[in-house]
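S.K.: Sharing a structure, written as structure tokens. Questions coming.
The values are calculated or read from the model by the stated rules, or taken from the named source; none is laboratory data. What you see is a predicted model; the values in this text were computed from it and never measured. Cβ placement follows ideal geometry from the backbone for every residue including glycine, while neighbour counts extend to all protein chains displayed.
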Amino acid sequence: MATAFGDDGAVHGAGRSDAVVRWIERHPIGALIIAIAVIFVLWLVFAPWPEGFEDWFGKKRIFINALFNGITLGALYFLVATGFTLIFGLMRNVNLAHGSLYLFGGYMGYEATQWTGSWLFSYVIAFICCAIVGMAMQFFIFRRMEGEDLRQTLVTLGLSIIFSDLMVWVWGGNPIQIDTPDYLAGPVPTPIVVAVRSSGEAVFLHYPTVRLVIFLAAVVIGIAMWIALHRTRIGMMIRAGVDDRDMLSVLGYRVQLLFIIVFAFGAGLAGMAGIVGGTFQSISLGEDSHFLLASLVVVIVGGMGSIPGAALGALIIGLSEQIGVVYFQNYATVLSFLIMVIVLALRPQGLLGRR
Amino acid sequence: MAITQATDAPIGMDEAQRNAAAWLSNYSAILLLGLVLLFLPAIANNFFLDQIVGWALILGMIALSLMFLAGYGGMVSLAQMTVAGIAGYMIAVFGASSLPAISLFWPWWVAVPIAILIAGAFGTLAGALSARTEGIYTIMITLALASAFFYLALQNWPIFNGFNGFTTIPAPHFLGVNWRSPVPFYYLVLFFAVLSYFVVLYVSRAPFGLALQGVRDNPRRMEAIGYNVTAHRIAAYAFAALIAAIGGILLVWQNNQISPFSVGVDVVINLLVIAVVGGLSHPIGPFIGAIIYVILRTFALDALVAVGLDGRRFQTLIGLGFLVIVLFSPDGVIGIWRHWSSRIRARGARSGF
């Protein structure tokens, strides 16, 4: 799953960097375009903008804020979509109730912060609650209809209808905001110059601490998952299961247990993401389908069943949404769908997906 | 399944005739239903005619297009409601509405073909995008496309009039008849619903439909025989889009309005619920699902309140019903019907001995 660039690495037993080199050799123009784009973005971020450029492109402060918001939103999307893609990759189950798990996690986290007053502890609560729901779903329902993709998906659809209605019943339709804890509240200065005052003094970007912390946390989670998948026994089992779960089961591994673990983990991640979403924005009725769609688009763009793909897709979609809000107000949401359509047309398996 | 080349066609026709004879004897219930539907205006009041049966027939048509793709093509497309919605929007844009700034007020015989053409083009394009991937991916891609259109309609004011959408979209007057008055509209809807039903039934037994079912069952083998799998899939999407577009136009005439919330994610999903609850194995399924849905939608709220429950838990009821069907009768109401009728037949055979 995680061989990012097709199966070159796996087939030839070559290292990861080798696969990257091979990819660049095969797509010199694509690599050049990507390199230029990266350099251009780095220049946009770190260099002070020339006079005329700001008139044409808008204020640098706005651009940098949109960029940072996009990256941190991408981190949130990654947390939601990675569970979705993991469940899909291993069990071929399109979990349409994933958005409901996100929302449920957010509400449970909200209740936990209200009761205990601890923001960090609420992550544990949300993870456990959603993991239990996920385990129950896998254990009581999906285990009984293995190999029936469509029926499983329809069941998750029915569950999502029920869950969202029940959550409206309990928590009502009003948006709920989870308070940022005091130690993360407020902005933090960053070493990025957004403007130069007439006195020649540089103005640095101040960015909300909590967003940066959550971005770092998402990166840490992503790296930890990569290590867990590639360096541990259970990770090896998951990767083997993604490739051929029947073979894994024949070899005597307890595939059902693995399914339950993965479902619990994916659901738990979605629940934790719910708290992140509740802190960033708010959680309310309708956010479940919003985040379900976001994970769908992220996973389609990045490649189905691929965790690096989910990271790349989340980054692209987060950025396109936030930059879209600034530069194409009326079509911000449509922009990310447009990206999806282009990716589907050119590379149906997703950017980092395998056929 | 008999996937035959053109030379074997006569055998297929014999089979079709035999099937038709067997169908008539087996499904006398459907014949009776047809008679009831034909003479319904004589016994039913306008509310029942328009808001129950008429609405169910229109929803059934749109769900039929989903059933055609899912049942015969194995492609569960959630974009069919969107195709219908685009046709409805185009009728409002090219025809008449309360918004002279956007509507072009072209006559209906120009607006209707254009609307069907545009909606059909969208449906075909959606098919072309999702037909390149397989199986369960289709649901994800078409759901994403459907919500893309929802957001586009919500955010675009110059064409789709954003949040508000269009109101006062008149059905045509021609041959001296106001086709929006309840009885003519009922017959208009009934005509297209029955037509689409029989066309789908016919196509499912025509060489194209059989090839499509072959593609559903084993695309690789069909490819090896020499069929163009992707072309068959896209053609199926185009055909289904035609039905959905006609349904969408009728729906917008019936509701007299269209807004982004007519094509929202919940509506798209409800359409899938309708098709699955009815059953995906026979074209009558979507219509059964639609009538159940419409009756629930119209009366469940009052019924829930009457038994002392919260009427707002309507969605939970729909979800639970859907879940029960999916868990216990994967073939929907048709599956239950077949199960029962075979049991009754078996009992009859036993008592006969």
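S.K.: Might you let me know whether the stretch A:290-305 holds any residue that is touching a helix residue (DSSP H, G or I) at 6+ places or on another chain (Cβ under 6 Å), away from chain B (no Cβ under 12 Å) and more than 20 Å from A:L86 (Cα to Cα)?
M.R.: Checked against the condition, which is being touching a helix residue (DSSP H, G or I) at 6+ places or on another chain (Cβ under 6 Å), away from chain B (no Cβ under 12 Å) and more than 20 Å from A:L86 (Cα to Cα), the stretch A:290-305 yields no hits at all.
Each row is one residue, and each column tells you yes or no for (1) in contact with a strand residue (DSSP E or B) (Cβ under 9 Å, 6 or more places away or on another chain); (2) touching a residue at least 60 places away in the same chain (Cβ under 8 Å).
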| site | (1), (2) |
| --- | --- |
| A:G271 | no, yes |
| A:G274 | yes, yes |
| A:S295 | no, yes |
| A:I307 | no, yes |
| A:I317 | no, yes |
| A:Y331 | no, no |
| A:L335 | no, no |
| A:G350 | no, no |
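S.K.: Restricting to the stretch B:294-339, name every residue that is of a type in the set (D, E) and either away from every other protein chain (no Cβ under 13 Å) or over 24 Å from A:R143 (Cα atoms) (or both).
M.R.: B:D302, B:D310
S.K.: A further question on this structure: Taking only pairs six or more apart or across chains, which ones have beta-carbon atoms under 9 Å, a first residue in the stretch A:90-118 that is among the basic types (K, R), and a second residue that is part of a helix (DSSP H, G or I)?
M.R.: Once the first residue is among the basic types (K, R) and sits in the stretch A:90-118, its partners that are part of a helix (DSSP H, G or I) give A:R92/A:D149; A:R92/A:Q152; A:R92/A:R245.
S.K.: Then there's this: Got a sec? Which of A:I342, A:I300, A:I323 is β-branched (V, I, T) and buried (at least 21 other Cβ atoms within 10 Å of the Cβ)?
M.R.: Just one listed residue meets the conditions, A:I300.
S.K.: Out of all the residues in the stretch B:142-160, which are within 7 Å of chain A (Cβ to nearest Cβ) and under 19 Å from the mean Cα position of the chain (by Cα)?
M.R.: The answer is B:L143, B:S147.
S.K.: In addition: Whether any residue in the stretch B:204-211 is over 13 Å from B:Y72 (Cβ atoms) and assigned to a loop (DSSP other than H, G, I, E, B) is what I want to check.
M.R.: Among the residues of the stretch B:204-211, not one is over 13 Å from B:Y72 (Cβ atoms) and assigned to a loop (DSSP other than H, G, I, E, B), which makes the answer no.
S.K.: Condition first: within 7 Å of chain A (Cβ to nearest Cβ), touching a residue at least 24 places away in the same chain (Cβ under 8 Å) and either part of a helix (DSSP H, G or I) or more than 22 Å from the chain's Cα centre (by Cα) (or both). Now tell me which residues in the stretch B:129-141 satisfy that.
M.R.: Across the stretch B:129-141, the qualifying residues are B:R132, B:I139.
S.K.: Sticking with this structure for a sec: Exactly one condition in (1) part of a loop (DSSP other than H, G, I, E, B); (2) within 19 Å of the chain's Cα centre (by Cα); (3) not β-branched (V, I, T) is false for B:G335; which is it?
M.R.: (1)
S.K.: Please verify whether the stretch B:272-291 includes one or more residues that are closer than 30 Å to B:I159 by Cβ and at the interface with chain A (Cβ under 9 Å from one of its Cβ atoms).
M.R.: For the stretch B:272-291, residues closer than 30 Å to B:I159 by Cβ and at the interface with chain A (Cβ under 9 Å from one of its Cβ atoms): present.
S.K.: Tell me which residues, restricted to the stretch B:97-108, are touching a residue at least 40 places away in the same chain (Cβ under 8 Å) and of a type in the set (A, V, I, L, M, F, W, C).
M.R.: Across the stretch B:97-108, the qualifying residues are B:L99, B:I102, B:W108.
S.K.: Of the numbered conditions (1) surrounded by fewer than 20 Cβ atoms within 10 Å (Cβ to Cβ); (2) touching a Lys or Arg at 6+ places or on another chain (Cβ under 9 Å); (3) in contact (Cβ under 8 Å) with a residue 12 or more places away in the chain, B:A238 fails exactly one; give the number of that condition.
M.R.: It fails just one condition, (2).
S.K.: Test B:G95 against the stated conditions and say whether it is within 26 Å of B:F287 (Cα to Cα) and in contact with a helix residue (DSSP H, G or I) (Cβ under 6 Å, 6 or more places away or on another chain).
M.R.: No; evaluated as a whole, the condition is false for this residue.
S.K.: Same structure, new question: Residue check, A:T279 against (1) closer than 16 Å to A:F127 by Cβ; (2) of a type in the set (S, T, Y); (3) modelled with pLDDT under 85, all met but one. Which one?
M.R.: (3)
S.K.: Hey, among A:R151, A:R144, which residue is exposed (fewer than 15 other Cβ atoms within 10 Å of the Cβ), basic (K, R), in contact with a Leu (Cβ under 9 Å, 6 or more places away or on another chain) and free of Cβ contacts under 8 Å to residues at least 24 places away in the same chain?
M.R.: A:R144
S.K.: Going by what's in this entry, would A:F127 be described as touching a residue at least 60 places away in the same chain (Cβ under 8 Å), within 12 Å of chain B (Cβ to nearest Cβ) and either under 20 Å from A:F265 (Cβ atoms) or touching a Leu at 6+ places or on another chain (Cβ under 6 Å) (or both)?
M.R.: Against the criterion (touching a residue at least 60 places away in the same chain (Cβ under 8 Å), within 12 Å of chain B (Cβ to nearest Cβ) and either under 20 Å from A:F265 (Cβ atoms) or touching a Leu at 6+ places or on another chain (Cβ under 6 Å) (or both)), A:F127 does not qualify.
S.K.: Right, next: How about the stretch B:249-267: which of its residues are crowded, with 24+ Cβ neighbours inside 10 Å and within 14 Å of another protein chain (Cβ to nearest Cβ)?
M.R.: B:V263
S.K.: Moving on to the next point. Do you know which residues across the stretch A:326-355 are within 11 Å of another protein chain (Cβ to nearest Cβ), more than 15 Å from B:S147 (Cβ to Cβ) and not basic (K, R)?
M.R.: Within the stretch A:326-355, A:F328, A:Q329, A:N330, A:I342, A:V343, A:A345, A:L346, A:P348, A:Q349, A:G350, A:G353 qualify.
S.K.: Where the second residue is aromatic (F, W, Y) and the first is at the interface with another protein chain (Cβ under 7 Å from one of its Cβ atoms) and lies in the stretch A:154-182, which pairs have Cβ atoms under 7 Å and are six or more apart or on separate chains?
M.R.: So the pair list comes out as A:G158/B:F322; A:I161/B:F322.
S.K.: Exactly one of (1) within 14 Å of the chain's Cα centre (by Cα); (2) not in a helix (DSSP H, G or I) is unmet by A:F204. Its number?
M.R.: The single condition A:F204 does not satisfy is (1).
S.K.: Right, next: Checking the conditions here, which among A:I214, A:I192, A:I260, A:I234 is more than 21 Å from A:F88 (Cβ to Cβ) and part of a helix (DSSP H, G or I)?
M.R.: A:I214
S.K.: Among the helices (runs of 4 or more DSSP H) confined wholly to the stretch B:1-117, which include 3 or more residues that are modelled with pLDDT of 80 or more and surrounded by 15 or more Cβ atoms within 10 Å (Cβ to Cβ)?
M.R.: B:55-67, B:80-94
S.K.: Identify the single condition in (1) touching a residue at least 60 places away in the same chain (Cβ under 8 Å); (2) surrounded by fewer than 20 Cβ atoms within 10 Å (Cβ to Cβ); (3) more than 14 Å from chain A (Cβ to nearest Cβ); (4) hydrophobic (A, V, I, L, M, F, W, C) that B:I246 does not satisfy, given that it satisfies every other one.
M.R.: Of the numbered conditions (1) touching a residue at least 60 places away in the same chain (Cβ under 8 Å); (2) surrounded by fewer than 20 Cβ atoms within 10 Å (Cβ to Cβ); (3) more than 14 Å from chain A (Cβ to nearest Cβ); (4) hydrophobic (A, V, I, L, M, F, W, C), the odd one out for B:I246 is (2).
S.K.: Turning to a different aspect of this structure: Can you give me the ranges of the helices (runs of 4 or more DSSP H) entirely in the stretch A:27-142 with at least 3 residues that are within 20 Å of the chain's Cα centre (by Cα) and closer than 30 Å to A:V196 by Cα?
M.R.: A:60-91
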